[in-house]
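The values are calculated or read from the model by the stated rules, or taken from the named source; none is laboratory data. Everything quoted here is computed from the prediction, not taken from an experiment. No Cβ is skipped: glycine too gets one built from the backbone with ideal geometry, and neighbour counts run over all protein chains shown. When the accessible area is computed, the model is the full protein with side chains, heavy atoms only, and any ligands, DNA or RNA have been set aside. Shrake-Rupley method; radii C 1.70, N 1.55, O 1.52, S 1.80 Å.
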Amino acid sequence: MTTTFLNPLNSTIANSSGSAAPSTSSGTGTPACAPLSHETAPPSPSERAIAPQSAAKSTVSAATVAVAMSGGVDSSTVAAILHDRGQAMVGLTMQLWNQRRLPQQESAAPAQHRCCSIDDVYDARRVAEHLGVPFYVVNFEREFESTVIRPFVNDYLEGRTPIPCTLCNNHVKFDQLLTTARQIGADRIATGHYARVRHNPESGRYELLRAVDESKDQSYFLFGLTQEQLARTDFPLGELSKQEVRDIARRLRVPVAEKPESQEICFVPTGNYVRFIEGYLQEQGSHLPDDSGEIVSTSGEVLGHHTGLHQYTVGQRKGIGVAAGRPLYVVSLDRSANRLVVGEDQDLRSTTCEVRNVNWISIAPPSTSVEAMVRVRNRHEPAAAEITPLDATTARVTFRNPQRAITPGQAAVFYSGELVLGGGWIR
């Protein structure tokens with residue numbers, strides 16, 4: 001694979017064999033991060049978080065770390081923390097999607113509220129300049145389209161509800177980015193994800209753990225990582241709360257310390273995925289098929305008609321288009337009969353599901369059933385369940401109590417306390 005590096009300072013392009021130099025600070029006088037205060041007053045949470053890192057300056061490895069810099073406060077703070085430690089590092093920003101490619105998808109939202117915009121690239125460059133570290137923009141648009149965009153569109157057309165962030169983690173951020181890091185001489189990558197990784201000397205495995213800050217934990221989106229990827233990945237924010245990260249960013253004078261968090265899927269800035277699918281298919285010279293069909297109750301009674309199953313997801317209430325005098329929810333999408341099945345809240349609850357492409361992370365693949373807490377959505381409260389392997393890559397999940405809106409295309413992720421055992425895709 002040939003990786004394209006873009007230098008945003010002068011638009012120089014070099015391939016992965018690398019003739020162009022990385023972008024560095026434009027002057028020799030770029031100020032270093034301010035030294036930490038050593039007052040006698042009790043340290044704040046952010047001071048406690050930084051203090052041991054600063055103390056590690058004299059012992060830190062000289063091996064180079066590639067920091068995935070999105071231009072947001074989290075990844076920028078990671079870069080600042082590593083720089084404060086004296087870590088040899090390089091900043092990498094991934095160009096994943098041309099935001100101007102589908103003009104009809106342009107968002108009226110300010111750019112700082114959107115992920116992966118042009119402004120984000122320049123914010124990342126600004127942080128790298130501030131720190132005085134080498135910086136590249138790496139073009140992964142082709143890989144992103146083939147492994148994230150197309151599966152996203154196809155999943156919706158097949159009646160599934162995909163998770164593009166997980167696909168991006170599995171196939172781009174922790175695959176292509178690690179390859180690129182090696183090409184430029186970096187041994188590891190560090191990202192702004194809220195999660196933790198540790199090595200278990202008894203099992204010999206690298207383990208994925210929840211973040212300390214439960215409200216920011218992103219381990220659900222990382223269930224597909226391999227042992228090799230975990231072995232070469234650092235999550236410096238995993239032990240910190242979001243407030244502590246903000247405090248560290250301010251203390252280390254990170255230029256984007258006050259930047260708001262992005263909210264939308266990076267390639268759907270309007271938040272309207274139906275419009276994105278229609279626009280993408282039109283760009284590809286294709287159109288949505290005439291998928292109109294029946295809306296039926298769980299007993300089979302025809303209640304109305306839909307204009308395409310891709311417009312719905314399990315658990316949806318608004319926009320169904322049926323007036324029944326009582327709340328109705330999407331219970332399932334019957335692709336074979338092109339029927340949208342709706343029902344009441346209790347109809348959404350089930351005790352079992354099957355998962356495919358199961359990846360066991362922190363433990364070896366089990367040969368017998370495993371008891372675990374299972375999360376079927378990012379914000380779903382983990383529920384007690386038994387996971388029964390059906391073969392090497394599939395399993396059945398049986399919950400002790402019925403769970404609401406178990407949705408094909410989403411992930412079921414298995415936890416034992418703070419440990420992520422593994423996960424798979426719900427089918």
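Could you compute the FRET efficiency for SER336 and ARG379, with r as their C-beta to C-beta distance and R0 at 30 Å, rounded to 0.05?
On the way: r = 30 Å, r/R0 = 1.01.
Approximately 0.50, to the nearest 0.05.
Return the FRET efficiency for the residue pair ARG427, ARG250: r is the Cβ-Cβ distance, R0 is 51 Å, and the value is rounded to the nearest 0.05. Before the final figure, lay out each step's value.
Working: r = 45 Å, r/R0 = 0.89.
Approximately 0.65, to the nearest 0.05.
May I ask you to give the solvent-accessible area per residue for the stretch 291-419, in square angstrom, as obtained with a 1.4 angstrom probe? Write down the numbers at each step before the final one.
Values: 6140 Å² over 129 residues.
Roughly 48 Å² per residue, with all protein chains present.
Under a point spin-label approximation (7 Å from Cα along Cα-to-Cβ), what is the SER369-ARG182 distance to one decimal in nm?
Between SER369 and ARG182, the simple spin-label model gives 4.1 nm.
Rounded to the nearest percent, how much of the accessible area of the stretch 329-375 (1.4 Å probe, protein heavy atoms only) is carbon and sulfur?
Details: 990 of 2210 Å².
Roughly 45 percent of what the probe reaches on the stretch 329-375 is carbon or sulfur.
Name the long-range amide H neighbours of ALA190: under 5 Å, sequence gap of 5 or more, or other chain; modelled H, no Pro or chain starts.
Those qualifying (amide H under 5 Å, at least 5 residues apart or on another chain) are ALA66, VAL67, ALA68, ASP234.
Describe numerically, in nm with one decimal, the distance between label points set 7 Å from Cα along Cα→Cβ at ARG126 and at GLN346.
5.6
Of all alpha-carbon pairs in the stretch 267-366, indicate the percentage at a distance above 19 angstrom.
Result for the distance tail: 55 percent.
What Rg and what Dmax come out for the stretch 337-400 when only alpha-carbon atoms are used, in angstroms?
14.0, 40
For the stretch 139-192, build the convex hull from the C-alpha positions and give me its volume per residue in Å³. Before the final figure, lay out each step's value.
Numbers: hull volume 3.8 nm³, N = 54.
Cα convex hull per residue, to the nearest whole number: 70 Å³.
Specify which residue in the list ILE361, THR393, LEU340 is farthest towards the positive end of the charge dipole of the stretch 339-407, using unit charges on the beta carbon of Lys, Arg (+1) and Asp, Glu (-1), about the Cα centre.
The one lying farthest along the dipole's positive direction is LEU340.
Nothing charged except the Cβ atoms of Lys and Arg (+1) and of Asp and Glu (-1): what's the magnitude of the dipole of the stretch 267-409 about its Cα centre? Round to the nearest 20 debye. Each step should come with its number before you reach the end.
On the way: 14 positive and 15 negative charges, 89 e Å.
So the dipole magnitude of the stretch 267-409 works out to roughly 420 debye.
GLU386 versus ALA63, label points 7 Å from Cα toward the beta carbon: distance in nm?
Computed distance between label sites GLU386 and ALA63 equals 4.3 nm.
With the cut-off at 26 Å, tell me which of the pairs LYS216/LYS318; LYS173/LYS259; LYS173/LYS318; LYS259/LYS318 have Cα atoms farther apart than that.
Working: LYS216/LYS318 28 Å; LYS173/LYS259 22 Å; LYS173/LYS318 34 Å; LYS259/LYS318 32 Å.
Result: LYS216/LYS318; LYS173/LYS318; LYS259/LYS318 exceed 26 Å.
Could you tell me how many cubic angstrom of Cα convex hull volume the stretch 279-427 has per residue? Could the numbers behind the result be given before it?
On the way: hull volume 22.1 nm³, N = 149.
Cα-based convex hull of the stretch 279-427, divided per residue, equals 148 Å³.
Dipole of the stretch 153-306 (Lys/Arg Cβ +1, Asp/Glu Cβ -1, origin at the Cα centre): which of CYS165, VAL268, HIS199 lies farthest to the positive side?
Most positive-ward Cα: HIS199.
For the stretch 210-280, report the accessible area per residue in Å² (1.4 Å probe, heavy atoms, rounded to an integer). Can you show the working numbers first?
Details: 2720 Å² over 71 residues.
Result: 38 Å² of accessible area for each residue.
In the stretch 148-167, whose amide N lies under 11 Å from the spot 7 Å out along Cα-to-Cβ of ASN98? List them in ranges.
No residue qualifies, since no backbone N sits under 11 Å from the label point.
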